[in-house]
Amino acid sequence: MAIKHFNAGNVWGRTKELERKSTQNGAPYLMVTLDCSGKHGSVRAYGRIFGAEKIDGLIDHHGDHPDQVVRMRGYFGQYEAREEIMSNFTFYGWEPAPDQPPRAAFVLVGKVTDLAQIGDKWRLSLHLSRPGQAGHDAQEEDFDVWALDGQLVAGMLRDMVVEVKGYMQQGHGEDEYGASTGEVRPIIHRSRIVEGF
């Protein structure tokens, strides 16, 4: 039996920008920018949410509680722009989360396509193949995620199915002095081999 591939993206943040848009087919959606700055550095998460009721509810909530943390549930995504891999989210729901610390998290289960050490970091490339649901096409997705500790990717080989959990993070996150620098990337914090050889 094949191992089920999986993709989840959860973002806790303060809504900073909300912009109504529509797809080429005319379906309305809301572009959402969330400030997730905190333990993992200065981080902004970008995503979109579909559905008129969800859109109107989020806009109204932002108007009434502009500085309150909300939790956005959905899927993690990546795309290439200007020869860089950019990360974003597609959300299917949201809820107030005033007592939660801001963060942008991901959970992926997929097949290893590459693992490379680059300087003092390791880039893990994954391929996810998820069957379509509720009349939608199957999803084929590729991701590059990073490990700051080689133990998190130790023993991983091409074609193994692995699970990785982590956060969008700036450099190594905030140090004890409150400084955070570097590019924001998806950084692995937990991992396991689901199916090896």
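Scan segment 10-38 residue by residue and report those that are surrounded by 15 or more Cβ atoms within 10 Å (Cβ to Cβ) and either at positive phi or touching a residue at least 60 places away in the same chain (Cβ under 8 Å) (or both).
Across segment 10-38, the qualifying residues are ASN10, VAL11, TRP12, GLY13, ARG14, LEU34, ASP35, CYS36, SER37, GLY38.
Return the residues of segment 99-115 that are assigned to a strand (DSSP E or B), more than 14 Å from the chain's Cα centre (by Cα) and either touching a residue at least 60 places away in the same chain (Cβ under 8 Å) or surrounded by fewer than 11 Cβ atoms within 10 Å (Cβ to Cβ) (or both); say none if nothing qualifies.
GLY110, LYS111
Return yes when ASP56 is more than 16 Å from PRO98 (Cβ to Cβ) and either part of a helix (DSSP H, G or I) or more than 16 Å from the chain's Cα centre (by Cα) (or both) and no when it is not.
yes
Quick check: anything in segment 56-72 closer than 20 Å to ARG185 by Cβ, touching a strand residue (DSSP E or B) at 6+ places or on another chain (Cβ under 8 Å) and crowded, with 17+ Cβ neighbours inside 10 Å?
Looking for residues that are closer than 20 Å to ARG185 by Cβ, touching a strand residue (DSSP E or B) at 6+ places or on another chain (Cβ under 8 Å) and crowded, with 17+ Cβ neighbours inside 10 Å, one finds at least one in segment 56-72, hence yes.
Quick check on this structure: which one of GLY41, GLY77, GLY47 is in contact (Cβ under 8 Å) with a residue 24 or more places away in the chain, surrounded by 15 or more Cβ atoms within 10 Å (Cβ to Cβ) and on the phi > 0 side of the Ramachandran plot?
None of the others qualify; the one that does is GLY41.
Taking the criterion of being under 16 Å from HIS5 (Cβ atoms) and part of a strand (DSSP E or B), would at least one residue in segment 78-88 satisfy it?
The answer is yes, given that some residue of segment 78-88 is under 16 Å from HIS5 (Cβ atoms) and part of a strand (DSSP E or B).
For residues in segment 142-152 being within 19 Å of the chain's Cα centre (by Cα), at pLDDT 95 or above and of a type outside the set (Asp, Glu), which is farthest from SER191 (Cα to Cα)?
The extreme case among them is PHE143.
For segment 153-160, indicate whether the set of residues that are at pLDDT 95 or above, touching a Cys at 6+ places or on another chain (Cβ under 8 Å) and of a type in the set (A, V, I, L, M) is non-empty.
No, there is no match, as no residue in segment 153-160 is at pLDDT 95 or above, touching a Cys at 6+ places or on another chain (Cβ under 8 Å) and of a type in the set (A, V, I, L, M).
Scan segment 1-28 for residues that are within 14 Å of TRP94 (Cβ to Cβ), among the aliphatic types (A, V, I, L, M) and either part of a loop (DSSP other than H, G, I, E, B) or under 15 Å from the mean Cα position of the chain (by Cα) (or both) and jot them down.
Within segment 1-28, VAL11 is the sole residue that qualifies.
Against the definition (among the charged types (D, E, K, R) and within 30 Å of HIS127 (Cβ to Cβ)), how does GLU80 come out, yes or no?
yes
The values are calculated or read from the model by the stated rules, or taken from the named source; none is laboratory data. Just so we're clear, the structure is a prediction, and the values are computed from it rather than from any experiment. Neighbour counts are summed over all protein chains in view; Cβ atoms, including those assigned to glycine, are modelled from backbone coordinates with ideal geometry.
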